[in-house]
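Encoded as structure tokens, the structure appears first; notes follow it.
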Amino acid sequence: MKRQPATTFQVHSEARGPHWVAWITQPGQNGPYRSVLLVGASQDEAETRAREWGTAVSLQMERSSPSS
């Protein structure tokens, strides 16, 4: 079974010129997490990249936190 990351990020996106950008935010926070914008040719591509980034960050945070 695939393990779900503990931290959940929200995905946001908007069109910018001929492409789309997407970013993740932590709940209750404004602005892109770590100021990272992910670019895609379509909204779906940009949001997919943002979801993948959010999953990777969540897993990294989980690995680096001390065990309870």
Reported set for the stretch 9-24 where residues are under 18 Å from L59 (Cα atoms) and buried (at least 16 other Cβ atoms within 10 Å of the Cβ) is F9, V11, W23, I24
M61: passes all of (1) outside any helix (DSSP H, G or I); (2) aliphatic (A, V, I, L, M); (3) surrounded by fewer than 13 Cβ atoms within 10 Å (Cβ to Cβ) but (1)
Flagged in the stretch 38-54 as within 13 Å of the chain's Cα centre (by Cα) and buried (at least 17 other Cβ atoms within 10 Å of the Cβ), in numbering order, are L38, A46, E47, R49, A50, W53, G54
Listed by first then second residue, the pairs whose first member lies in the stretch 40-68 and is in contact (Cβ under 8 Å) with a residue 12 or more places away in the chain and within 14 Å of F9 (Cα to Cα), whose partner is assigned to a helix (DSSP H, G or I) and not aromatic (F, W, Y), with beta carbons under 9 Å and at least 6 positions apart or on separate chains, are V57/R34
Within the stretch 1-33, the count of residues that are at pLDDT below 95 and part of a helix (DSSP H, G or I) comes to 0
Note on the stretch 20-39: residues touching a His at 6+ places or on another chain (Cβ under 8 Å) and polar (S, T, N, Q) are T25
So, first residue small (G, A, S) in the stretch 8-28, second residue surrounded by 13 or more Cβ atoms within 10 Å (Cβ to Cβ) and assigned to a loop (DSSP other than H, G, I, E, B), Cβ within less than 8 Å, six or more apart or across chains; the pairs are A22/L37
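The values are calculated or read from the model by the stated rules, or taken from the named source; none is laboratory data. Predicted, not measured: the structure shown is a model, and the values here were computed from it. Cβ coordinates were reconstructed from backbone atoms using ideal geometry, including for glycine residues, and neighbour counts include every protein chain displayed.
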